[in-house]
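Encoded as structure tokens, the structure appears first; notes follow it.
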Amino acid sequence: MSAARPGTYALLLRIDAAGEVAVGRRHRLRLEPGWAVYVGSAFGSGGAAARLAHHRRPVVRPHWHIDYLRNHATLRAIWINHDPSRHECLWATVLREDLGGAPPPFRFGAPDCRCAAHFHQFPERPTLAAFAAALYARCPAHAAVLEQAA
């Protein structure tokens with residue numbers, strides 16, 4: 001298996017303190033202590049491994065919405081799927097509608113689709129078991145989602 005495989009992933013982030021973060025020039029994101037999950041996909045030449053390496057490094061110059069948040073939250077785990085199909089909108093829907101995640105008031109991480117956001121906050125850490133059950137209820141043929149340490 002190639003390290004450059006594409007995939008859909010979710011970053012599980014711990015937020016320890018309330019605050020507000022500037023996201024780009026136009027948006028502000030209110031943070032509450034608890035958990036946040038950001039869903040993304042990696043279908044470029046470096047695949048998921050390269051994208052996750054980016055998310056694991058300290059942010060020097062923010063590029064994506066999630067980069068603005070990374071200095072205010074701790075990456076604790078990653079959920080990943082190496083299906084060659086894009087599933088980030090489905091994953092975001094499951095987080096919002098089935099697990100009760102709260103999206104921000106702007107389309108965080110979702111500028112190129114119709115989703116409300118690809119970022120959701122939770123008071124408690126969502127579990128992979130609950131996420132997978134809801135995901136497979138919506139899409140029974142969905143490939144396995146695995147959890148990796150941050």
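Laboratory data are not the source of any read-out in this text; all were calculated from the coordinates shown. On a predicted model such as this, the values are computed, not experimentally measured, just so you know. Note: ideal-geometry Cβ built from the backbone for every residue, glycine included; neighbour counts use all protein chains shown.
Work through the residues other than residue 57 whose Cβ is under 14 Å from its Cβ and net out their charges, Lys, Arg +1 and Asp, Glu -1. Spelling it out: positives minus negatives among the neighbours equals +3. Over all distinct Cα pairs, what is the inverse of the mean 1/r for the chain, reported as the Kirkwood hydrodynamic radius in Å? The answer is 15.4 Å. Rounded to the nearest Å, what's the spacing between the alpha carbon centres of the stretch 101-128 and the stretch 29-73? Just the number, please. Cα centres, the stretch 101-128 to the stretch 29-73: 13 Å. The relative contact order of the stretch 7-149 comes to 29 percent, based on Cα pairs under 8 Å that sit 6 or more residues apart. Mind checking which of 24, 126, 7 is farthest towards the positive end of the stretch 7-149's charge dipole, using Cβ charges of +1 (Lys, Arg) and -1 (Asp, Glu) about the Cα centre? With unit charges placed on the Cβ atoms, the residue in question is 24.
Mean silhouette area of the stretch 26-84, derived from the convex hull of its C-alpha atoms and averaged over all directions, reads 5.0 nm².
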